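> Attaching a single structure in structure tokens format; questions to follow.
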Amino acid sequence: PKTERRLANNEKLFSDLVNQAFSMRRKTLRNAVKGFILDPSIFEALDIDPKRRPETLSLDEFIALSNSAQTPPS
């Protein structure tokens, strides 16, 4: 049976953040999503180590990051 999942508040922002993270997959998460997460304390608040690689995050962790992220300037 499927379990109910949390959803991203902004699907476009979620998609952009995940695409950005995986376009620089071998970088640390902090560097890979630099334009989206402007306040580094967000990682601590979400209990996510910013030194991890993007491929180690779960879907729920990406959703939490996305819900705390900001749209990067164009």
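> Go through (1) open to solvent by 20 Å² or more (accessible area, probe 1.4 Å); (2) assigned to a loop (DSSP other than H, G, I, E, B); (3) hydrophobic (A, V, I, L, M, F, W, C) and name the single condition ALA8 misses.
Going through (1) open to solvent by 20 Å² or more (accessible area, probe 1.4 Å); (2) assigned to a loop (DSSP other than H, G, I, E, B); (3) hydrophobic (A, V, I, L, M, F, W, C) one by one, ALA8 breaks only (1).
> Could you grab me the full set of residues in the stretch 33-58 that are surrounded by 12 or more Cβ atoms within 10 Å (Cβ to Cβ) and part of a helix (DSSP H, G or I)?
ILE42, PHE43, PRO54
> Can THR71 be described as touching a residue at least 12 places away in the same chain (Cβ under 8 Å) and surrounded by fewer than 18 Cβ atoms within 10 Å (Cβ to Cβ)?
yes
> Continuing with this model, one more query. Which residue, of PHE22, PHE14, PHE36, PHE43, is among the aromatic types (Phe, Trp, Tyr) and farther than 15 Å from ASN67 by Cα?
None of the other options fit; the residue is PHE22.
> Would you pick out the residues in the stretch 1-34 that are among the small types (Gly, Ala, Ser), under 16 Å from PRO72 (Cα atoms) and under 11 Å from the mean Cα position of the chain (by Cα)?
Within the stretch 1-34, SER15, ALA21, ALA32 meet the criteria.
The values are calculated or read from the model by the stated rules, or taken from the named source; none is laboratory data. Just so we're clear, the structure is a prediction, and the values are computed from it rather than from any experiment. Note that each Cβ is placed from the backbone with ideal geometry, even for glycine, and that neighbours are counted across all protein chains shown. Surface accessibility is based on the protein's heavy atoms, side chains included, excluding ligands, DNA and RNA. Shrake-Rupley method; radii C 1.70, N 1.55, O 1.52, S 1.80 Å.
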